[in-house]
1. Under the condition of being modelled with pLDDT under 85 and open to solvent by less than 50 Å² (accessible area, probe 1.4 Å), which residue from the stretch 58-73 is nearest to the chain's Cα centre (by Cα)?
2. For the stretch 81-98, give me the residue count where each residue is buried (at least 20 other Cβ atoms within 10 Å of the Cβ) and hydrophobic (A, V, I, L, M, F, W, C).
3. May I ask you to list the residues in the stretch 241-254 that are aliphatic (A, V, I, L, M) and in contact (Cβ under 8 Å) with a residue 40 or more places away in the chain?
4. Could you tell me which residue of the stretch 216-240 is farthest from ARG151 (Cα to Cα), considering only residues that are open to solvent by less than 40 Å² (accessible area, probe 1.4 Å) and in contact (Cβ under 8 Å) with a residue 24 or more places away in the chain?
5. Having 2 or more residues that are within 9 Å of the ligand (Cβ to nearest atom) and closer than 21 Å to ARG237 by Cα is the bar; report the strands (runs of 3 or more DSSP E) wholly within the stretch 252-311 that clear it.
6. Just one of the numbered conditions (1) hydroxyl-bearing (Ser, Thr, Tyr); (2) part of a helix (DSSP H, G or I); (3) at pLDDT below 90; (4) surrounded by fewer than 19 Cβ atoms within 10 Å (Cβ to Cβ) is not true of SER55; which one?
7. Is there any pair with a first residue in the stretch 113-136 that is of a type in the set (Asp, Glu) and a second that is surrounded by fewer than 18 Cβ atoms within 10 Å (Cβ to Cβ) whose Cβ atoms are under 8 Å apart and which are 6 or more apart or on different chains, and what are they?
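The values are calculated or read from the model by the stated rules, or taken from the named source; none is laboratory data. Not measured: the values here are computed from a predicted model. So basically every Cβ, Gly included, is an ideal-geometry build from the backbone, and we count neighbours across all protein chains shown. Note: accessible area is taken over every heavy atom of the protein model, side chains too, but ligands, DNA and RNA are not part of it. Shrake-Rupley method; radii C 1.70, N 1.55, O 1.52, S 1.80 Å.
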Amino acid sequence: MMAIDPISMLFTVGILAMMAGGALYAMYRGLPSKIDGLLPWAYALLSGGVAALLSWQQGGVLNGVAFVLTAGFYMVALLLLLYGFRRFNNQPSRMTFSVSISIVGLACAVWVGLFANEFYLRMATICVYSIMMLPVLIQAVLSGGDIAGQRLARKIISGLFAGMLVLVVWQLVMVCVFGRALKGFDSSSVSNLVFMGGFSVLVFGLFFGLVLLVSGRVRAELASLAYTDPLTTILNRRAFMDEAGRALTRERREHRPSVLLMLDLDHFKRINDRYGHTQGDCVLKQFAERIQAGLRGGDVFARYGGEEFLV
Ligand SMILES: Nc1nc2c(ncn2[C@@H]2O[C@H](COP(=O)(O)OP(=O)(O)OP(=O)(O)O)[C@@H](O)[C@H]2O)c(=O)[nH]1
């Protein structure tokens with residue numbers, strides 16, 4: 001039977017994370033509306049990749065300085081992921097709690113790395129830190145709201161973080177039970193294999209989930225660009241025509257007549273000529289707001305073009 005070695009998995013995780021980070025960076029550069037959060041996520045995956053490759057290069061049993069560096073890159077990766085979700089969700093990016101536990105976590109990593117030459121203590125430091133950070137990440141993923149087109153992605157990502165939480169809790173239990181007997185990522189240990197395998201799935205799944213999330217946002221932005229009038233933010237002519245088509249079909253089916261109202265601002269040209277186009281724009285915006293405020297829920301209101309509106 002072919003043996004799967006956890007150390008080779010570390011290599012796979014590292015390369016996967018670096019490639020995923022590069023792909024997210026390319027997406028960020030290529031998107032016309034640079035989506036908030038995409039850049040921190042790209043750096044997060046690159047940072048996580050560096051952490052995994054560093055521990056692979058050291059054979060999984062890191063020396064003191066390498067451990068501190070690995071822990072640092074790993075912590076930066078989780079912080080950047082969190083920061084990315086806050087930005088993507090348009091939430092305040094204050095992260096006092098997460099930054100505080102990361103500073104304490106890094107201080108512990110420095111102490112354990114430089115003064116305690118024990119594998120199980122290093123593993124415990126990473127596990128405890130992850131156990132504190134992962135619920136914060138899950139909360140950030142789910143707090144983005146139940147927006148259509150993003151639900152599945154949010155479920156996938158939070159499910160993956162929850163799975164990772166289970167893995168680190170399990171690993172911490174192993175560390176507590178076996179303690180000093182643990183000397184590294186032993187390839188014969190099923191627990192280590194599950195742990196590393198879980199991380200590989202997580203990196204791949206996380207990338208997939210983030211791409212889904214971003215494409216949901218891009219789709220929504222494109223639809224809004226295609227169907228919204230940029231000045232008044234009400235529907236544009238194209239959106240109105242689509243709506244009118246649907247209303248006519250409904251009308252024929254239900255034998256209930258619809259009413260079409262065309263509104264034109266008389267002598268609007270004079271406003272532009274006398275007060276300038278900027279003031280003319282304000283009049284159009286005010287007009288749209290006032291009409292909108294007086295409409296019923298099911299009414300469709302759109303700018304037909306220039307100073308002509310349709311209800
Ligand atoms: N400020 C501003 N002006 C616009 C915009 N779109 C169209 N206009 C102006 O609206 C004016 C429309 O002119 P007309 O079609 O002659 O309309 P009017 O002056 O209201 O004349 P009547 O409709 O015949 O009463 C033109 O001066 C356009 O430049 C816009 O987005 N902003």
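1. Here the answer is GLY60.
2. Total satisfying the criteria: 4.
3. Answer for the stretch 241-254, where residues must be aliphatic (A, V, I, L, M) and in contact (Cβ under 8 Å) with a residue 40 or more places away in the chain: ALA244, ALA247.
4. Among them, the one singled out is THR232.
5. Correct list: 302-305.
6. (4)
7. Here the result reads GLU118/ARG180, each pair linking the stretch 113-136 to a residue that is surrounded by fewer than 18 Cβ atoms within 10 Å (Cβ to Cβ).
Yes or no, residue by residue, for (1) at pLDDT below 85; (2) within 16 Å of the ligand (Cβ to nearest atom):
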{"position": "PHE199", "(1), (2)": "yes, no"}
{"position": "LEU206", "(1), (2)": "no, no"}
{"position": "PRO230", "(1), (2)": "no, yes"}
{"position": "ILE234", "(1), (2)": "no, yes"}
